[in-house]
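The values are calculated or read from the model by the stated rules, or taken from the named source; none is laboratory data. No experiment lies behind these values; they were computed from the predicted model shown. Glycine gets a Cβ as well: all are built from the backbone with ideal geometry, and neighbour counts include every protein chain shown.
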Amino acid sequence: MTYRCEGRIPELRGERVILRPLNRSDAEAMFACWSDPEVRRYSDLPDMPSAAEAGEMIGILNDLSLTEDGMRWGIEAENGWLIGSCGLNWWQLEGAYRGEIGCELARSYWGQGYMREAVALLMAYAYAVIGLNRLEALTDSRNMRAGRLFQSLGFRLEGTLKQYRHTDSGFVDADMYALLRHEWETLKG
């Protein structure tokens with residue numbers, strides 16, 4: 001049976017983070033994250049001049065679950081603050097059963113394991129509940145931090161897609177990381 005979220009984004013709880021649906025009241029917090037030049041450096045986020053645009057982006061991301069195209073969570077830290085987001089930018093629920101992970105985290109939380117925990121929760125849900133067989137992550141080849149994150153979760157670098165994305169600085173390469181369900185099951189024991 002094919003997974004259907006029908007617009008419902010479940011809450012997922014970890015030790016230090018909660019993945020929860022984003023809502024329009026999160027616009028200020030996500031604006032702070034999404035408009036930070038260091039957070040944006042390797043992303044393909046659209047320009048975000050104000051919290052109003054962040055609110056619109058939250059609406060677009062939530063619509064992915066309504067159209068059965070993907071799902072996005074807000075990442076809430078143990079202090080109750082929203083510190084970023086992660087999710088499946090898209091998924092293919094028939095045939096290849098795969099999805100692409102996207103994520104971003106407020107700079108003050110970098111290097112503390114929050115994103116690793118958040119993506120691990122997302123992975124467990126994607127494999128065990130949605131039924132995906134393959135998860136992918138496309139990262140800007142210059143973003144060593146993202147590469148280390150996905151490798152620490154068991155993903156393997158499958159290759160580099162030359163001039164795959166266009167950014168404000170021109171065309172950039174993207175590294176393709178992937179992890180199959182049976183590999184994930186072996187890693188988690």
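Okay, residues lined up against (1) of a type outside the set (A, V, I, L, M, F, W, C); (2) surrounded by fewer than 18 Cβ atoms within 10 Å (Cβ to Cβ); (3) assigned to a strand (DSSP E or B); (4) in contact (Cβ under 8 Å) with a residue 12 or more places away in the chain:
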{"position": "M48", "(1), (2), (3), (4)": "no, no, no, yes"}
{"position": "A52", "(1), (2), (3), (4)": "no, yes, no, yes"}
{"position": "E56", "(1), (2), (3), (4)": "yes, yes, no, no"}
{"position": "G59", "(1), (2), (3), (4)": "yes, yes, no, yes"}
{"position": "D69", "(1), (2), (3), (4)": "yes, yes, no, yes"}
{"position": "G102", "(1), (2), (3), (4)": "yes, no, yes, yes"}
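Per-residue answers, yes or no, for (1) in contact with a Phe, Trp or Tyr (Cβ under 9 Å, 6 or more places away or on another chain); (2) buried (at least 19 other Cβ atoms within 10 Å of the Cβ); (3) within 15 Å of S43 (Cα to Cα); (4) modelled with pLDDT of 95 or more:
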residue: R107; (1), (2), (3), (4): no, no, yes, yes
residue: Q112; (1), (2), (3), (4): no, no, no, yes
residue: M115; (1), (2), (3), (4): yes, yes, no, yes
residue: L122; (1), (2), (3), (4): yes, yes, no, yes
residue: N133; (1), (2), (3), (4): yes, no, no, yes
residue: A137; (1), (2), (3), (4): yes, yes, yes, yes
residue: R145; (1), (2), (3), (4): yes, no, yes, yes
residue: Q151; (1), (2), (3), (4): yes, no, no, yes
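Being over 17 Å from M71 (Cβ atoms) and surrounded by 14 or more Cβ atoms within 10 Å (Cβ to Cβ) narrows it down to one residue among D173, D168; which is it? Spell out how you get there, then give the answer.
Working: D168 fails: surrounded by 14 or more Cβ atoms within 10 Å (Cβ to Cβ).
Going through D173, D168 in turn, just one is over 17 Å from M71 (Cβ atoms) and surrounded by 14 or more Cβ atoms within 10 Å (Cβ to Cβ): D173.
Looking at the stretch 73-99, which of its residues are of a type outside the set (A, V, I, L, M), in contact with a Leu (Cβ under 9 Å, 6 or more places away or on another chain) and closer than 19 Å to P21 by Cα? Spell out the reasoning first.
Of the stretch 73-99, the ones of a type outside the set (A, V, I, L, M) are 73-74, 76, 78-81, 84-87, 89-92, 94-95, 97-99.
Still in the running and in contact with a Leu (Cβ under 9 Å, 6 or more places away or on another chain): 73-74, 76, 84-87, 89-92, 97-99.
Residues satisfying the conditions are W73, G74, E76, G84, S85, C86, G87, N89, W90, W91, G99.
Could you count how many residues in the stretch 35-56 are under 17 Å from G87 (Cβ atoms), at pLDDT below 95 and of a type in the set (A, V, I, L, M, F, W, C)?
2
Considering every residue within the stretch 146-162, establish whether at least one is of a type in the set (S, T, Y) and within 18 Å of I9 (Cβ to Cβ). Spell out the reasoning first.
Of the stretch 146-162, the ones of a type in the set (S, T, Y) are 152, 160.
Checking which are within 18 Å of I9 (Cβ to Cβ) leaves us with none.
No: zero hits.
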